[in-house]
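Peer 1: Sharing a structure below in structure tokens format, with a few things to ask.
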Amino acid sequence: MKVLSLATRMGLLALGMILVSVLSADAVWADASEEEPSTSGLADALLTDWALPLLVLGVLMSIAMIGAAYLVRDERMENLLWEFGGEEE
């Protein structure tokens with residue numbers, strides 16, 4: 001288990017280093033766009049080009065919120081059982 005944890009940390013560190021090196025490269029920021037996106041262009045891009053990634057992000061966020069709710073409920077139950085000295089039925 002410790003090997004998996006270490007591998008995960010090293011992978012995240014490597015990913016962070018790659019992202020920093022890619023985003024800080026001069027080639028990324030060399031050509032500035034002359035036109036600004038309009039409101040309708042942004043809405044069109046969000047609803048057509050980014051629909052699936054936004055849907056996946058929403059699903060992941062809802063899973064995280066459901067998991068957090070279960071953790072809070074379980075912790076509250078443990079605190080109540082400890083405080084009143086009762087056993088779980």
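Peer 1: When P(r) over Cα pairs in 5 Å bins from 0, in percent is calculated directly from the model, which label among [x] 3, 16, 28, 29, 18, 6, 1, 0; [y] 3, 15, 23, 21, 14, 10, 7, 4, 2, 0; [z] 2, 10, 7, 8, 13, 17, 12, 10, 7, 6, 4, 3, 2, 1 fits?
Peer 2: For P(r) over Cα pairs in 5 Å bins from 0, in percent, the calculated option is [z].
Peer 1: How much length is gained on full extension from Trp82 to Ala14, taking 0.36 nm per residue of separation minus their Cα-Cα distance? All intermediate terms of the calculation are to be shown ahead of the outcome.
Peer 2: On the way: separation 68, 0.36 × 68 = 24.48 nm, distance 4.30 nm.
Contour length minus the Cα-Cα distance gives 20.2 nm.
Peer 1: From the backbone phi of segment 22-39, what are the Karplus-calculated ³J(HN,Hα) couplings (6.51 cos²θ - 1.76 cosθ + 1.60, θ = phi - 60°) in whole Hz, Gly and Pro given as x?
Peer 2: Whole-Hz 3J(HN,Hα) from phi for segment 22-39: 6, 6, 8, 5, 5, 5, 5, 9, 5, 9, 7, 6, 8, 10, 9, x, 7, 5.
Peer 1: Picking from Leu71, Val59, Leu81, whose Cα lies most toward the positive end of the charge dipole for segment 50-89 (charges on Cβ: Lys, Arg +1; Asp, Glu -1)?
Peer 2: The Cα lying farthest towards the positive end belongs to Val59.
Bear in mind these aren't lab numbers, they're just calculated from the coordinates by the rules spelled out. The structure presented is a predicted model; accordingly, all values stated were derived computationally and were not measured. Note: ideal-geometry Cβ built from the backbone for every residue, glycine included; neighbour counts use all protein chains shown.
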